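A.B. asks: The following block contains the structure, expressed as structure tokens.
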Amino acid sequence: MRLRALCGLILLSLPLFSLAHSFGVVYTLPVPFWLYGWGASAALITSFVVVGYFSRQPHANTPAWSLDVSQSRPVVLLRKLHFIPLLQAISVGILALCIASGLWGSTNAYDNFNMTFFWIVFILGFSYLTALVGNLFDAISPWKTLSQIFGKISTRYERGVLRYPAKLAYWPALATYMGFIWLELFGKTDPASLAQWLIIYSVWNLAGAGLFGRRDWFTYCEFFAVFLRLIASMAPVDYRPGTSDADSRLNLRLPFSGILAKPVSHISLMVFILFMLSSTAFDGLHETLVWKKVFWRDLYLSHLQHLTSTNPLSAFPAMARLYGHWQSAWLLLSPLVYLAVYLFFIAATRYAAGTNATTTKLSFIQLAIRFSPSLLPIALVYHIAHYYTLLQTQGVKIINLISDPFGVGSNWLGTANWFRGSIIPDLTTVWHTQVILIVLGHIVSVYLAHRIALNTFATHKQALRSQLPMLILMVFFTTAGLWILSKPVGN
């Protein structure tokens, strides 16, 4: 009993960085969690019945609604004002400022421009903006802009020295994405190290573009481009940059219709989507007391004390190192766990529909790839539900940091004293917003999966049967996501 108590003291004394659960205080749900779980499940089942009843015809040969606004007055005006070239220059300037402020600015993360801009404004805010306005990043990416300058200097740089190997597909983007999430959760992320990583990543992209050609590199290897392109497929705006401003196209479309318009083409992109889900879920789970107790109490008492020491205080240094490896291993294995679960339900989908039900001969993996884009709305709402409060609590500081990016007391634009304090949202509002977001995202995924099924299987009946396992998967994802958000975190 004394040993268990000592383990508990060590567990509670760990310094924990709370990101997914942003407040570090225990929040008591207004009603028991099981009511939220059953309510969310009922909403999904109801939406499945409604969608299955009213949506009966395949839409593969029916063009989705879109409206070309490329020549509308506002767009023409923005083109005349050289809006995209201006944003390109700003993006390169901000990248340079993030590097400079990290190297020569304040070492305090909250007083340095690069930490708030990169982790909050860009990683969170720009991702959510992309879900509204489309793939703007494809036109204004600082790395793509810099490589474009090099490409104008050297046509060989533009084409690349080597042909990009088709078998690599999106695996390089997935590898760098996983490395990025590991760095975010477990790496050293003070202003100086962030600046150094931005330099390394910039050199990596410029060298890669010169090696394999700009087009292939930023299509397959630059993970921000791949990530934001997937997010943009859900936007009601379809922006397609051309070789010049005049060649660019801007279309309005129905939200999420882009997911159906351009299917996923390779297993590597499917695993990328699954990691979008698993990394966010892991980020939330690994901060909960439930997760920490598995290692620090259950595993230690059952097995690990015999490998280190039966005295928890003596064992702590070795256990802390082992805990870091444990965390990293689970993060890197998380897409494989999600892949195994997803493939199990795809197998059930195929069985429920019938082995010869597809309109074209699709292998098991091809079927899995075809349905994977339906998970994108879940990935988006998971991301928003876990992190959106950081835009209020820390994101607003960008207003004063613009005037004092180096954290040395300057006031370039006169905003250095604005929004010095954080905006703390009401916890009840946060929780119910998270519930609504997650349920709505899963309902959209149910609808998209049904639409894909109608275009995949021969009859409406087969399509409907095929979606019963997918409905179970959606219910599982919903309740698991809400359960993670409802758990208290270590403090």
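The values are calculated or read from the model by the stated rules, or taken from the named source; none is laboratory data. From a predicted model like this one, the values you see are computed outputs, not experimental measurements. Because the Cβ atoms are built from the backbone with ideal geometry, glycine has one as well, and the counts that use them run over all protein chains shown.
Here is a yes/no grid of residues against (1) without any contact (Cβ under 8 Å) to a residue 60 or more places away in the chain; (2) in contact with a helix residue (DSSP H, G or I) (Cβ under 9 Å, 6 or more places away or on another chain):
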site	(1), (2)
Tyr382	no, yes
His386	no, yes
Gln392	yes, no
Ala416	yes, yes
Ile423	yes, yes
Thr433	yes, yes
Leu437	yes, yes
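A.B. asks: At least 1 residues that are within 30 Å of Thr155 (Cα to Cα) and touching a residue at least 24 places away in the same chain (Cβ under 8 Å) in each: list the helices (runs of 4 or more DSSP H) lying fully within the range 172-273 that qualify. Give the derivation first.
C.D. replies: Values: elements: 191-212, 214-220, 223-232, 257-261.
Because the criterion is at least 1 residues that are within 30 Å of Thr155 (Cα to Cα) and touching a residue at least 24 places away in the same chain (Cβ under 8 Å), the helices (runs of 4 or more DSSP H) in the range 172-273 that meet it are 191-212, 214-220, 223-232.
A.B. asks: Which one of Ile94, Ile123, Ile90 is aliphatic (A, V, I, L, M), within 27 Å of Gly258 (Cα to Cα) and within 29 Å of the chain's Cα centre (by Cα)?
C.D. replies: Ile123
A.B. asks: Among (1) of a type in the set (Ser, Thr, Tyr); (2) at pLDDT 90 or above; (3) under 20 Å from Tyr53 (Cβ atoms), there is one condition Thr478 misses while meeting the rest; what is its number?
C.D. replies: Condition (3) is where Thr478 drops out.
A.B. asks: Follow-up question, since we're still on this one. Quick one: is Ile398 over 30 Å from Pro263 (Cβ atoms) and either without any contact (Cβ under 8 Å) to a residue 12 or more places away in the chain or surrounded by fewer than 20 Cβ atoms within 10 Å (Cβ to Cβ) (or both)?
C.D. replies: Values: over 30 Å from Pro263 (Cβ atoms): yes; either without any contact (Cβ under 8 Å) to a residue 12 or more places away in the chain or surrounded by fewer than 20 Cβ atoms within 10 Å (Cβ to Cβ) (or both): yes.
Yes.
A.B. asks: A follow-up question, please. Determine whether Val69 is free of Cβ contacts under 8 Å to residues at least 12 places away in the same chain and farther than 30 Å from Pro191 by Cα.
C.D. replies: no
A.B. asks: So, one more: Filter the range 366-422 for residues that are under 30 Å from Thr456 (Cα atoms) and either in a loop (DSSP other than H, G, I, E, B) or charged (D, E, K, R) (or both) and give the result.
C.D. replies: Correct list: Arg370 only.
A.B. asks: Another one. Criterion first (over 30 Å from Thr107 (Cα atoms) and either at pLDDT 95 or above or part of a helix (DSSP H, G or I) (or both)) does Val439 satisfy it?
C.D. replies: Taking the combined requirement at face value, the residue satisfies it.
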